[in-house]
Amino acid sequence: MKDIIVLGVESSCDETAAAVVRNGREVLSNVISSQIDIHQKFGGVVPEVASRKHVELVIPVIDQALEEARIKLEDVDVIGVTYGPGLVGALLVGLSAAKALAFAANKPFVGVHHIEGHIAANYLEYPDLEPPFVCLVASGGHSHIVYVGDYNKFEIMGQTRDDAAGEAFDKVARAIGLGYPGGPLIDKAAKSGNKNAIAFPRVLFEDGSLDFSFSGLKTAVLNYLNTAEQKGEKIIVEDVAASFQQAVVDVLVRNVIEAGKQKGVKNIALAGGVAANSALRSGLKAAAEEYGFSVRYPKPVLCTDNAAMIACAAYYEYRSGSASELDLNAIPGLKLGER
């Protein structure tokens with residue numbers, strides 16, 4: 001069987017990324033240009049600034065990915081790119097570049113759902129991993145529990161009803177003065193804090209839903225900080241970070257374990273930026289051992305936004321006989337399972 005080489009492009013938020021992947025599993029290159037330093041002073045991603053930076057970087061990043069993979073554009077079999085969800089201006093930059101390359105080089109073109117890309121990152125980390133499995137996708141914009149029935153078959157079993165987990169991390173980190181991005185900073189501070197110091201709420205829906213809600217938890221943290229300040233009490237940042245983080249982890253772990261039980265799968269996977277959180281990884285591993293699940297999660301560079309995961313997802317789309325037309329538009333609010 002002939003090798004299939006996929007060039008992937010990702011620009012849904014504030015990382016400009018390109019990668020080359022062989023046969024959906026072997027990463028030949030994975031170039032990521034992050035804008036974190038630019039957006040830190042604003043305390044979050046500024047969409048217009050992100051879009052302009054993508055315009056500057058997208059072609060150099062693609063060139064570097066091809067160079068590191070030691071191939072030319074004509075050696076590529078398929079071009080895959082994120083077309084949603086994400087920031088519309090940012091998406092349009094990567095999408096336009098990928099479509100132009102596909103047209104110029106006469107290559108098949110595949111639009112990829114960003115969340116499907118995050119799930120696919122696990123295939124790059126674990127060559128033996130195959131569906132079916134349950135995956136928790138937790139990032140700045142998404143908190144989903146997804147049953148992966150096949151490479152292109154997804155069922156949402158639970159999702160956030162308000163803030164995503166990563167969004168809550170960012171907002172709480174800002175409130176306790178840690179800065180942006182919140183996830184890694186809270187993870188670091190929590191290591192020297194007491195996770196049982198403050199009893200923050202865990203939301204459990206009475207209808208048996210596996211959905212999440214982190215808005216009330218975020219508000220509880222803000223109320224705790226305001227009350228302590230008004231009373232003149234000392235705020236131990238590390239304890240707040242650890243207690244908040246544990247409240248998030250407890251809910252994520254409980255719901256994804258329940259999803260695994262309902263589907264009777266052997267493997268539970270993590271994906272998205274929050275999947276790099278050390279407390280989530282250790283908490284899920286402990287719970288999984290108790291209930292007989294195997295836990296899979298990508299290395300940190302594959303948890304954050306990257307193009308190798310997009311190339312991998314594009315490979316399975318293409319192999320199933322699916323390709324996109326060159327008039328494909330960016331869809332910032334694209335739902336999982338939509339085409």
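Quick check on this structure: which one of LYS263, LYS218 is surrounded by fewer than 19 Cβ atoms within 10 Å (Cβ to Cβ) and either free of Cβ contacts under 8 Å to residues at least 60 places away in the same chain or closer than 28 Å to HIS113 by Cβ (or both)?
LYS263
Report the residue count in the stretch 127-153 for those that are part of a strand (DSSP E or B) and not aliphatic (A, V, I, L, M).
In the first step, residues of the stretch 127-153 are kept if they are part of a strand (DSSP E or B); the result is 133-138, 143-150, 153.
After this cut, where a residue has to be not aliphatic (A, V, I, L, M) as well, the list is 133, 135, 143-144, 147, 149-150, 153.
Qualifying residue count, the stretch 127-153: 8.
Looking at GLY94, GLY80, GLY44, GLY86, which one is surrounded by 23 or more Cβ atoms within 10 Å (Cβ to Cβ) and at pLDDT below 95?
Answer to the check: GLY86.
So which residues in the stretch 229-256 are more than 24 Å from the chain's Cα centre (by Cα) and either surrounded by 21 or more Cβ atoms within 10 Å (Cβ to Cβ) or outside any helix (DSSP H, G or I) (or both)?
Pass one, the stretch 229-256, residues more than 24 Å from the chain's Cα centre (by Cα): 229-240.
Across the stretch 229-256, the qualifying residues are GLY232, GLU233, LYS234, ILE235, ILE236, VAL240.
If I go through the stretch 124-158 residue by residue, how many of them are within 14 Å of ARG296 (Cα to Cα) and of a type in the set (Asp, Glu)?
3
Working only within the stretch 191-228, note down all residues that are part of a loop (DSSP other than H, G, I, E, B), among the basic types (Lys, Arg) and closer than 16 Å to ALA165 by Cβ.
ARG202
Which one of ASP250, ASP239 is of a type in the set (Asp, Glu), within 30 Å of GLU15 (Cα to Cα) and either in contact with a Cys (Cβ under 6 Å, 6 or more places away or on another chain) or modelled with pLDDT of 95 or more (or both)?
Residue meeting the stated conditions: ASP250.
Might you let me know whether the stretch 163-175 holds any residue that is in a loop (DSSP other than H, G, I, E, B) and either in contact with a Ser or Thr (Cβ under 7 Å, 6 or more places away or on another chain) or modelled with pLDDT of 95 or more (or both)?
yes
Kindly evaluate ALA308 against the criterion of being of a type in the set (A, V, I, L, M) and surrounded by fewer than 21 Cβ atoms within 10 Å (Cβ to Cβ).
Details: of a type in the set (A, V, I, L, M): yes; surrounded by fewer than 21 Cβ atoms within 10 Å (Cβ to Cβ): no.
No, not satisfied.
At positive phi, over 17 Å from the mean Cα position of the chain (by Cα) and not basic (Lys, Arg), is that true of GLY283?
So GLY283 does not fit the description; no.
Does TYR126 satisfy the criteria of being of a type in the set (Phe, Trp, Tyr) and not assigned by TED's automatic domain parsing to the domain that holds ARG281?
Working: of a type in the set (Phe, Trp, Tyr): yes; not assigned by TED's automatic domain parsing to the domain that holds ARG281: yes.
When the stated conditions are applied, TYR126 passes them.
The values are calculated or read from the model by the stated rules, or taken from the named source; none is laboratory data. As the structure is a prediction and not an experimental result, all values here were calculated from the model. Cβ coordinates were reconstructed from backbone atoms using ideal geometry, including for glycine residues, and neighbour counts include every protein chain displayed.
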